[in-house]
Amino acid sequence: MAEFYVGKQEAIEMLVSILAIALVFTFYDSGLSVSPSVFVFSMAAATITLGSGFVLHELAHKYFAIKYGARAAFKAWPLGLALALGLVIVPQLFGWFPIFFIAPGAVYIYAIRRIGVRENGIISLAGPATNWAVGILFLLLAALFSQNQIISTICLLGFRINFALALFNLIPIFPLDGSKVLAWDFKIWLLSVLISFGGAAFLPSLIF
């Protein structure tokens, strides 16, 4: 397996994407007239929960792509970042409801040899599966810090966001992960969707 590492340019593009995602979340959740204190808190919460889930999701794709002999690197999508900011800002300028949309970039895979359907499915599933792991970690932290309302609220948000992120990526429409997982194995795709939906919609209310 080739060496796994994150280059300087790749790290910069990931950081820009994380900040853009956090900004979109903040303007969507708190509006454009957000106070400085709320802005800082919301940006921090989004970076910790959504930002970490996004980065680890993409790095999981990269790790398994390299494991199967391909080259892989994260590339930001400037148009997607601009579109995300535009959809959350412009509607609010006219008094309309903002649209939450994030498409900051993706891991681009350069296959040296042909990657099979199974391998491609595993590479694709690695992202959502990583979000499950991150989400469960946030859930455990929420339980551990249940007496601290701020920390537990952020951690519970991290749980829901990561399972929602997994669910979104499992939509079976190219180029989302779900299209490649479905092409590999319908049962695995369906089980993955049910796990993601259950986490995003039900588990927090059942546990807390």
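Read-outs throughout are calculated quantities, based only on the coordinates presented, and are distinct from any laboratory measurement. It should be emphasised that the depicted structure is a prediction, and the values quoted were computed from it without experimental measurement. Neighbour counts are summed over all protein chains in view; Cβ atoms, including those assigned to glycine, are modelled from backbone coordinates with ideal geometry.
Tabulated data
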read-out: Those residues of the stretch 14-41 which are small (G, A, S), assigned to a helix (DSSP H, G or I) and farther than 15 Å from I89 by Cβ, in sequence order; value: S17, S37
read-out: Residue, surrounded by the fewest Cβ atoms within 10 Å (Cβ to Cβ), within the stretch 80-98, restricted to residues that are without any contact (Cβ under 8 Å) to a residue 60 or more places away in the chain and under 18 Å from the mean Cα position of the chain (by Cα); value: A82
read-out: Of residues in the stretch 180-197 being crowded, with 18+ Cβ neighbours inside 10 Å and small (G, A, S), the one farthest from V55 (Cα to Cα); value: S192
read-out: Considering residues of the stretch 154-178 that are closer than 21 Å to V55 by Cα and without any contact (Cβ under 8 Å) to a residue 12 or more places away in the chain only, the residue surrounded by the most Cβ atoms within 10 Å (Cβ to Cβ); value: L176
read-out: Among residues of the stretch 23-77, those that are touching a strand residue (DSSP E or B) at 6+ places or on another chain (Cβ under 7 Å), without any contact (Cβ under 8 Å) to a residue 40 or more places away in the chain and farther than 13 Å from G127 by Cβ, counted; value: 1
read-out: Subset of the stretch 99-132 (residues that are within 22 Å of A45 (Cβ to Cβ) and exposed (fewer than 14 other Cβ atoms within 10 Å of the Cβ)); value: F100, A103
